[in-house]
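Notes to accompany the following structure.
The values are calculated or read from the model by the stated rules, or taken from the named source; none is laboratory data. None of these values were measured; they are calculated from a predicted model. A quick note on method: Cβ atoms are made from the backbone with ideal geometry, for glycine too, and the neighbour counts reach across all protein chains shown.
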Amino acid sequence: MEITVKLFAMFRVGRFAAGTYKYREGITPADIAGELKIPEREVGIVLVNSRHAKLDHRLFEGDTLSLFPLVGGG
Amino acid sequence: MGLRDFITAAAPAGLLPWTAQLEAAERFGLTLGKVEEAALESGFMPARYQRNRQTITVDNQLRLCRSCAVIIGSGGLGGYLIEELARLGVGNLVVVDPDIFEEHNLNRQILSSPALLGRPKVEVAAARVAEINPAVTVTPLQIAFSRENGLGILAGSDVVMDGLDSINTRLELAEICRWLSIPLVHGAIGGWYGQVASQLPGDDITPSLFGNWSEPKGVETQLGNPSFTPAVVASLQVAEACKILLGEGESLRHRMIYVNLLHMEFDEVMLEPSRTAVGE
């Protein structure tokens, strides 16, 4: 199935800003972050089709996943 | 001659010069802040705020003069928050930070300088405000904000500014602001990136912002913080605070601005799960 993945901030450095890729059925944002070598602890906001989601959310054909890094400095 | 008559006589064209404000404070035994409040009540703008006019009316300047902002953290974000709120004319600032200035602060923290290394950040903040706008009252608290002392620190304030550097303390801050129904302007930075959002009474921004949170720190531990990111994010926060205090414009309610200065992109993320995010 095809999922559009959007990466924000430094997640896109050395990877990509946005792209549509083929994934296996039942894949989760955590799986995709893992494939992209993005450590889960660095993930702040996860959006699936513009809605906030958890890392273990089950993705479906045509979904758009957005990953934002956790920012906490001041 | 009473205070009002003195101000009226000293304020041709509606502007009260700083020298007259000083003289009034001395002659009538008042703080500079009280003289400022009296001038604004009579429709006179202290001349130092003349370039605020049109953007901020005399009535709104009076609202700012009577307002209290609590700034939690006096570091990268906090320094700019304090500087801008004081110059804007927010009359009462409470500054909370347990730390002293260290060498690694010098690349970005506007209140730091080599001569001030080792000095408490809140003490320096109070001295800075006394220098740039002595009509503003600063309450420096050299303590770490916590769930235990938070209610006492925030109670009675009109807006709370997040200049923290820890995510778990941010969660506690947001929680106490919700208990007290005080607006919170959240800001956080890391490297080229930052985020800003406002939590107004009745809202809870934390599930959206930190719903996947597992670490006490974010990307800033790897990326550090350059000089410009805190300035950008803190300025957005102060614009939010100004609007919240004045009840004007559109605030970042139910939405967050995610700032990417490396690619110069500002993305809007909706914070209510029931709403649809823009930019997808």
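Just checking, which of A:Ile38, A:Ile32, A:Ile45 is in contact with a helix residue (DSSP H, G or I) (Cβ under 8 Å, 6 or more places away or on another chain) and not in a strand (DSSP E or B)? Write out each step before concluding.
Working: A:Ile32 fails: in contact with a helix residue (DSSP H, G or I) (Cβ under 8 Å, 6 or more places away or on another chain); A:Ile45 fails: not in a strand (DSSP E or B).
A:Ile38 is the lone residue from the list that is in contact with a helix residue (DSSP H, G or I) (Cβ under 8 Å, 6 or more places away or on another chain) and not in a strand (DSSP E or B).
What tally of residues in the range B:93-118 results from selecting those that are within 15 Å of B:Gly73 (Cβ to Cβ) and either more than 22 Å from the chain's Cα centre (by Cα) or modelled with pLDDT under 95 (or both)?
So in the range B:93-118, the residues within 15 Å of B:Gly73 (Cβ to Cβ) come out as B:93-102, B:105, B:108-112.
Right, trim to either more than 22 Å from the chain's Cα centre (by Cα) or modelled with pLDDT under 95 (or both) and you get B:102.
Qualifying residue count, the range B:93-118: 1.
In this structure, does B:Leu88 turn out to be within 14 Å of the chain's Cα centre (by Cα) and crowded, with 18+ Cβ neighbours inside 10 Å?
Yes; evaluated as a whole, the condition is true for this residue.
Consider the range A:30-45. How many of its residues are β-branched (Val, Ile, Thr) and under 18 Å from B:Met256 (Cβ atoms)?
Matching residues across the range A:30-45 total 2.
Test of understanding: among B:Leu77, B:Leu40, B:Leu62, which residue is assigned to a helix (DSSP H, G or I) and closer than 20 Å to B:Ser235 by Cβ? Outline the logic, then answer.
Details: B:Leu40 fails: closer than 20 Å to B:Ser235 by Cβ; B:Leu62 fails: closer than 20 Å to B:Ser235 by Cβ.
None of the others qualify; the one that does is B:Leu77.
Pull up the range B:172-185, narrow it to residues that are within 14 Å of another protein chain (Cβ to nearest Cβ) and free of Cβ contacts under 8 Å to residues at least 40 places away in the same chain, then point me to the one that is surrounded by the most Cβ atoms within 10 Å (Cβ to Cβ).
Quick first cut of the range B:172-185, residues within 14 Å of another protein chain (Cβ to nearest Cβ) only: B:172-174, B:184-185.
Those left that are additionally free of Cβ contacts under 8 Å to residues at least 40 places away in the same chain: B:172, B:174, B:184.
Details: B:Glu172: 17, B:Ala174: 20, B:Leu184: 29.
Taking the candidates together, the pick is B:Leu184.
So for the range B:151-168 (the condition being part of a helix (DSSP H, G or I) and under 21 Å from B:Asn225 (Cα atoms)), does at least one residue qualify? So that I can check it myself, show each step before the final result.
If we filter the range B:151-168 for residues that are part of a helix (DSSP H, G or I), which is where we start, we get B:151-154, B:167-168.
Of the ones still in play, those that are also under 21 Å from B:Asn225 (Cα atoms) are B:167-168.
Yes - at least one qualifying residue is present in the range B:151-168.
Tally up the residues in the range A:4-23 that are crowded, with 16+ Cβ neighbours inside 10 Å, touching a residue at least 24 places away in the same chain (Cβ under 8 Å) and either within 13 Å of chain B (Cβ to nearest Cβ) or not in a loop (DSSP other than H, G, I, E, B) (or both), please.
We begin by selecting, within the range A:4-23, every residue crowded, with 16+ Cβ neighbours inside 10 Å; these are A:5-12, A:23.
Narrowing further to those that are touching a residue at least 24 places away in the same chain (Cβ under 8 Å): A:5-11, A:23.
Filter once more, keeping what is either within 13 Å of chain B (Cβ to nearest Cβ) or not in a loop (DSSP other than H, G, I, E, B) (or both): A:5-11.
Within the range A:4-23, residues that are crowded, with 16+ Cβ neighbours inside 10 Å, touching a residue at least 24 places away in the same chain (Cβ under 8 Å) and either within 13 Å of chain B (Cβ to nearest Cβ) or not in a loop (DSSP other than H, G, I, E, B) (or both) number 7.
Please tell me if A:Thr64 is surrounded by 15 or more Cβ atoms within 10 Å (Cβ to Cβ), more than 16 Å from B:Glu220 (Cα to Cα) and in contact with a strand residue (DSSP E or B) (Cβ under 8 Å, 6 or more places away or on another chain).
yes
Table: residues versus (1) touching a Pro at 6+ places or on another chain (Cβ under 8 Å); (2) in the same structural domain as B:Ser157 (by TED's automatic domain parsing); (3) crowded, with 19+ Cβ neighbours inside 10 Å.
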{"position": "B:Leu93", "(1), (2), (3)": "no, yes, yes"}
{"position": "B:Gln109", "(1), (2), (3)": "yes, yes, yes"}
{"position": "B:Leu117", "(1), (2), (3)": "no, yes, no"}
{"position": "B:Glu131", "(1), (2), (3)": "no, yes, no"}
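Can you tell me which residue among A:Val48, A:Val13, A:Val71 is within 24 Å of B:His254 (Cβ to Cβ), at pLDDT below 95 and among the aliphatic types (A, V, I, L, M)?
Values: A:Val48 fails: at pLDDT below 95; A:Val13 fails: within 24 Å of B:His254 (Cβ to Cβ).
So the residue among A:Val48, A:Val13, A:Val71 that is within 24 Å of B:His254 (Cβ to Cβ), at pLDDT below 95 and among the aliphatic types (A, V, I, L, M) is A:Val71.
Within the range B:214-227, which residues are part of a loop (DSSP other than H, G, I, E, B), facing chain A (nearest Cβ under 7 Å) and not hydroxyl-bearing (Ser, Thr, Tyr)? Talk me through it step by step, then tell me what you get.
So in the range B:214-227, the residues part of a loop (DSSP other than H, G, I, E, B) come out as B:214-219, B:224-227.
When the remaining residues are screened for being facing chain A (nearest Cβ under 7 Å), the result is B:214-215, B:217-219, B:225.
B:Glu215, B:Lys217, B:Gly218, B:Val219, B:Asn225, listed by residue number.
Out of the residues in the range A:24-48 that are under 14 Å from A:Lys6 (Cβ atoms) and more than 7 Å from chain B (Cβ to nearest Cβ), which is surrounded by the fewest Cβ atoms within 10 Å (Cβ to Cβ)?
A:Leu36
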